[in-house]
Amino acid sequence: MVTSAPAAGGGPAAKLGFAAGQVVQEFGYDGDVDDDFRFSIEDITGSELEDEDFGEVADAVLLWWREDDGDLVDALVDALTQLADNGTIVLLTPKAGHPDHVDPAVIDESALTAGLHTSGRVACAEEWTGTRLVAPKSARR
């Protein structure tokens with residue numbers, strides 16, 4: 001697991017905790033994602049994002065999620081299966097007023113049910129908001 005501090009600078013990817021050397025697995029990629037944000041993560045980490053078929057441990061998960069994508073709790077639990085201890089999930093959802101917006105209360109409730117809690121929200125792109133999800137400190141080793 002990478003333990004380096006988040007990248008310097010004030011960009012959204014750095015604010016969400018992405019750091020040099022991390023392995024980041026991406027779920028929910030589709031034609032509506034923001035490639036500039038994806039590239040900013042790759043610039044910080046120094047490597048390409050891994051896809052859903054990645055079979056090793058990831059330091060962070062990037063999860064693009066839309067209201068119509070199904071059960072968010074199930075998706076979060078699935079994302080945790082290959083996530084390193086102390087890893088984070090960054091949940092990207094369409095901003096309010098955009099199609100497929102996910103209410104922040106739904107995100108908070110789903111995170112809690114999956115054993116996570118929110119650790120900040122950041123406007124990541126013109127149409128996307130990022131929510132950082134982490135395991136509660138009491139659950140960490």
Q.
When the residues of the range 27-42 are narrowed to those that are touching a residue at least 40 places away in the same chain (Cβ under 8 Å) and among the acidic types (Asp, Glu), which ends up surrounded by the most Cβ atoms within 10 Å (Cβ to Cβ)?
A. Asp34
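With assigned to a loop (DSSP other than H, G, I, E, B) and either at pLDDT 95 or above or surrounded by 13 or more Cβ atoms within 10 Å (Cβ to Cβ) (or both) as the only criterion, which of Ala8, Ala14, Ala19 stands out?
Details: Ala8 fails: either at pLDDT 95 or above or surrounded by 13 or more Cβ atoms within 10 Å (Cβ to Cβ) (or both); Ala14 fails: assigned to a loop (DSSP other than H, G, I, E, B).
Criteria check complete, one pass: Ala19.
Could you pull out the residue among Val77, Val57, Val73, Val24 that is within 16 Å of Thr88 (Cα to Cα), out of contact with any Pro (no Cβ under 7 Å at 6 or more places or on another chain) and buried (at least 20 other Cβ atoms within 10 Å of the Cβ)? Please lay out each step first, then the result.
Values: Val77 fails: buried (at least 20 other Cβ atoms within 10 Å of the Cβ); Val57 fails: buried (at least 20 other Cβ atoms within 10 Å of the Cβ); Val73 fails: buried (at least 20 other Cβ atoms within 10 Å of the Cβ).
Only one candidate passes the filter, namely Val24.
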Q: Any chance you could count how many residues in the range 79-107 are of a type in the set (Asp, Glu), farther than 17 Å from Gly130 by Cβ and either in contact with a Ser or Thr (Cβ under 8 Å, 6 or more places away or on another chain) or free of Cβ contacts under 8 Å to residues at least 12 places away in the same chain (or both)?
A: 0
Q | Tally, over the range 87-131, of residues that are charged (D, E, K, R), more than 19 Å from Asp69 (Cα to Cα) and in contact with a strand residue (DSSP E or B) (Cβ under 9 Å, 6 or more places away or on another chain) | A | 1
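The values are calculated or read from the model by the stated rules, or taken from the named source; none is laboratory data. Quantities reported herein were computed from a predicted structural model and do not represent experimental measurements. All Cβ positions, glycine included, derive from the backbone under ideal geometry; neighbour counts span all protein chains shown.
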